[in-house]
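This report concerns only the one structure given below.
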Amino acid sequence: MRILVTNDDGIYSPGIRALAARAARFGEVFVVAPDVERSGAGHAITHTRPLTFRHTRVDGMEGYRVDGTPADCVAVGLHEHEDIDIVLSGINMGLNLGNSAWHSGTLAAAKQAALFGCRGIALSTPAEEVDPDFDAIAPYVDQVLDLLIDDTTLELVNVNFPRLPSGITWARQSVRHYDGKIVPGTDPRGREHLWFTVYPLVDPEEGTDRWAVEHGQVSITPLRLDLTDHECLERARREHPIPED
Ligand code: MN
């Protein structure tokens, strides 16, 4: 098996080394990742200038660091390395639960793989107060990869590891609330600014990714690229038929 490993925290993040080490059990690993942190880059691509890439070994594995976004890195990686079977993105230092899927560069890399017809798995763990203990979650990373890697029907998957997991569960995306907000403040010279940040969400619905992680479970959420609301589309077609001319 040929595995492309990427992330949005940058090629020097401990998270990508932890993931590449676990992935190496399944086959040949190629690392292609941003040269600096691109967290929050979402699914942006760079198309107004060329991308540069430089050879970088990651714990003995072949790698390139790219001056682009996570999605760029997947495009570069799939171009440079033929016959990649799966793209793994992470392990992100920060959870990607619920609506953060819209902003996440980690998940965007997995989505970019899926756009190219390759399977993509995003993996994330919290990194707020203390650094993640990648050795502690390694057995769960192994279990998750054992579960997902051979099932070719799972094309796009988002996985979140609590700091110290006690189990693994399938979960849906928690979309009831959005945690982004603007917080006004002042800089050291008294000038006003606005900070786009997130606030902690409480009371997640049972069965969701956020609920799972709050209860110490690793959440596994299969996703799809089709954003169409099929139910809404059918109803709209019935209720608002558009006359042909
Ligand atoms: Mn990140």
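The values are calculated or read from the model by the stated rules, or taken from the named source; none is laboratory data. Being a predicted model, the structure only gives us computed values, none of them experimental. In this analysis, Cβ positions are derived from the backbone assuming ideal geometry, glycine residues included, and neighbour counts consider all displayed protein chains.
If I filter region 75-86 for residues that are modelled with pLDDT of 95 or more, over 29 Å from THR52 (Cα atoms) and in contact with a Lys or Arg (Cβ under 7 Å, 6 or more places away or on another chain), do I get at least one hit?
The answer is no; no qualifying residue exists.
Looking at (1) within 16 Å of the chain's Cα centre (by Cα); (2) crowded, with 22+ Cβ neighbours inside 10 Å, can you tell me which one VAL29 breaks?
Going through (1) within 16 Å of the chain's Cα centre (by Cα); (2) crowded, with 22+ Cβ neighbours inside 10 Å one by one, VAL29 breaks only (1).
Just for strands (runs of 3 or more DSSP E) wholly inside region 147-224: which have at least 2 residues that are within 16 Å of ASN96 (Cα to Cα) and of a type in the set (Ser, Thr, Tyr)?
On the way: elements: 156-160, 167-170, 180-186, 192-198, 217-222.
Because the criterion is at least 2 residues that are within 16 Å of ASN96 (Cα to Cα) and of a type in the set (Ser, Thr, Tyr), the strands (runs of 3 or more DSSP E) in region 147-224 that meet it are 217-222.
Does LEU154 meet the test of being touching a helix residue (DSSP H, G or I) at 6+ places or on another chain (Cβ under 9 Å) and away from the ligand (no atom under 16 Å from the Cβ)? Working first, answer last.
On the way: touching a helix residue (DSSP H, G or I) at 6+ places or on another chain (Cβ under 9 Å): yes; away from the ligand (no atom under 16 Å from the Cβ): yes.
Yes: the conditions hold for LEU154.
Can you name the residue in region 14-24 that is buried (at least 21 other Cβ atoms within 10 Å of the Cβ) and of a type in the set (Gly, Ala, Ser) and is also nearest to the ligand (Cβ to nearest atom) among such residues? Reasoning before the result, please.
Narrowing region 14-24 to residues buried (at least 21 other Cβ atoms within 10 Å of the Cβ): 15-16, 18-20, 22-23.
Retained after the next criterion (residues that are of a type in the set (Gly, Ala, Ser)): 15, 18, 20, 23.
On the way: GLY15: 8, ALA18: 14, ALA20: 16, ALA23: 18 Å.
For region 14-24, the residue satisfying everything is GLY15.
Just give me the residues in region 49-61 being surrounded by 11 or more Cβ atoms within 10 Å (Cβ to Cβ) and either touching a helix residue (DSSP H, G or I) at 6+ places or on another chain (Cβ under 8 Å) or farther than 12 Å from ILE11 by Cβ (or both), in sequence order. Spell out how you get there, then give the answer.
So the first thing to find is which residues in region 49-61 are surrounded by 11 or more Cβ atoms within 10 Å (Cβ to Cβ), and the list is 51-54, 56, 58-59, 61.
Answer for region 49-61, where residues must be surrounded by 11 or more Cβ atoms within 10 Å (Cβ to Cβ) and either touching a helix residue (DSSP H, G or I) at 6+ places or on another chain (Cβ under 8 Å) or farther than 12 Å from ILE11 by Cβ (or both): LEU51, THR52, PHE53, VAL58, ASP59, MET61.
Just to confirm my filter: which strands (runs of 3 or more DSSP E) fall fully inside region 25-129 and include at least 1 residues that are more than 16 Å from the ligand (Cβ to nearest atom), closer than 30 Å to GLU214 by Cα and touching a residue at least 40 places away in the same chain (Cβ under 8 Å)?
Working: elements: 28-34, 53-55, 62-66, 86-93, 119-125.
Result: 86-93.
Looking only at region 184-210, filter to residues that are surrounded by 11 or more Cβ atoms within 10 Å (Cβ to Cβ) and of a type in the set (A, V, I, L, M, F, W, C); which one of those is modelled with the lowest pLDDT?
Looking at the filtered set, the residue picked out is LEU201.
What's the total number of residues in region 62-97 that are surrounded by fewer than 24 Cβ atoms within 10 Å (Cβ to Cβ) and under 19 Å from LEU201 (Cβ atoms)?
So the answer is 2.
Can you tell me which residue in region 158-176 is nearest to the chain's Cα centre (by Cα), limited to those that are crowded, with 21+ Cβ neighbours inside 10 Å and closer than 14 Å to ASN92 by Cβ? Talk me through it step by step, then tell me what you get.
Keep residues of region 158-176 that are crowded, with 21+ Cβ neighbours inside 10 Å, which gives 158-161, 165, 171, 174.
Those still in the list that are closer than 14 Å to ASN92 by Cβ too: 158-161.
Values: ASN158: 6, VAL159: 8, ASN160: 9, PHE161: 12 Å.
Here the answer is ASN158.
Somewhere in region 40-48, is a residue buried (at least 17 other Cβ atoms within 10 Å of the Cβ) and either among the polar types (S, T, N, Q) or within 23 Å of ASP142 (Cα to Cα) (or both)? Give the derivation first.
Of all residues in region 40-48, those buried (at least 17 other Cβ atoms within 10 Å of the Cβ) come to 41-43.
Now drop any that are not either among the polar types (S, T, N, Q) or within 23 Å of ASP142 (Cα to Cα) (or both), which leaves none.
Within region 40-48 (the criterion being buried (at least 17 other Cβ atoms within 10 Å of the Cβ) and either among the polar types (S, T, N, Q) or within 23 Å of ASP142 (Cα to Cα) (or both)), the answer is no, since none of the residues qualifies.
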